[in-house]
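The values are calculated or read from the model by the stated rules, or taken from the named source; none is laboratory data. The model shown is predicted, which means the values in this text are computed figures rather than measured ones. In this analysis, Cβ positions are derived from the backbone assuming ideal geometry, glycine residues included, and neighbour counts consider all displayed protein chains.
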Amino acid sequence: MGNERDFASNLRLLCSRSPSIAEICRRLPMNRQQFNRYLQGRTRPRGRNLTRILDYFRVDEAELLLPHAEFRARFGRRHAEAPGLLAPVQGWIGRLGRHAGPEMERYAGYYLCTYRSMSHPGRWLRSLVRIYARDGMHFYKRLERSGGPAAGSGPRFVYKYEGIALMLSGRIFMVDAEALANFELSYAVVLPSYGSRIGVLQGLMAGVSATAARQPTSGPIFLEHLGRTVDVRAALRRCGLLAEGEGPAGSGPVPAGPVPWVQLAVGA
């Protein structure tokens, strides 16, 4: 019963940041009477309703089941409404996102995302990406798994990033931030697919290493389209730091050290 009460309390906290429950139900969309049952802790959402709630509030089910005090400490500030100063930026991003929405819809779904590790020179890192639509715009979640796909023991950690995906003038722009600590941003420009199936998308990614040096770096990125639905646990098992010499097909050798982002601009 503890989880049921915490779930309802956590959901009420998230809803408290919105103008009204009616507005939330309209945007989900979801029956108001049914949603009230979730808020009261009389029942828990399942299936499509659960997915809609998680996507709308940008949380995972496990996070909504956290003890309420921990959830409030961890997520309360993150979900607070932005001050009025950010309204022009939000409006600008919203216009871009909705303009790009129809073209981006083709790319909704799951991807294995492989890119050069910014913290382990000479190695590739593979993560799981899900692009999804909400309110006419497209967002994505990127899950990084510590360790390698073939690692048999030791602790496992999953790092979550959240971002926005835009299709502008024939290019896909992806910007995300680490979701909990908010200590980094990454940026990618990806070429779209012009074939009947998406296959593998390629582009360039820039960001900083997680080491103390915080070295700005850049490198190629490969997004292998898995489909609209996947076995998430099975896909995550394929993620992590790849073995030395292992990488995406056609990627070529990995440089021994980080590549400064300025090389991207000069074509070095």
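Observations
- Here region 93-124 is the region considered, the condition is being touching a Phe, Trp or Tyr at 6+ places or on another chain (Cβ under 7 Å) and not in a strand (DSSP E or B), and the residue that is nearest to Phe139 (Cα to Cα) is Ala108.
- Filtered by the rule that a residue be over 13 Å from Arg237 (Cα atoms) and either touching a Lys or Arg at 6+ places or on another chain (Cβ under 8 Å) or surrounded by fewer than 19 Cβ atoms within 10 Å (Cβ to Cβ) (or both), region 126-135 gives Val129, Arg130, Tyr132, Ala133, Arg134, Asp135.
- Put simply, of Leu112, Leu128, Leu85 the only residue that is outside the structural domain of Tyr187 (by TED's automatic domain parsing) and either at pLDDT below 85 or under 24 Å from Ala206 (Cβ atoms) (or both) is Leu85.
- Within region 57-82, considering residues that are assigned to a loop (DSSP other than H, G, I, E, B), within 18 Å of the chain's Cα centre (by Cα) and of a type in the set (D, E, K, R), the one modelled with the highest pLDDT: Asp60
- If you check Val189, Val232, Val200 for being under 20 Å from Gly97 (Cβ atoms), of a type in the set (Val, Ile, Thr) and modelled with pLDDT of 85 or more, only one passes: Val189.
- Here Leu28, Leu11, Leu39 are screened, and the one residue that is modelled with pLDDT of 90 or more and within 22 Å of the chain's Cα centre (by Cα) is Leu11.
- Filtered residue count, region 110-146, keeping only those that are within 16 Å of Glu162 (Cβ to Cβ) and of a type outside the set (Phe, Trp, Tyr): 15
- Flag if Leu54 is modelled with pLDDT of 75 or more and part of a helix (DSSP H, G or I): yes
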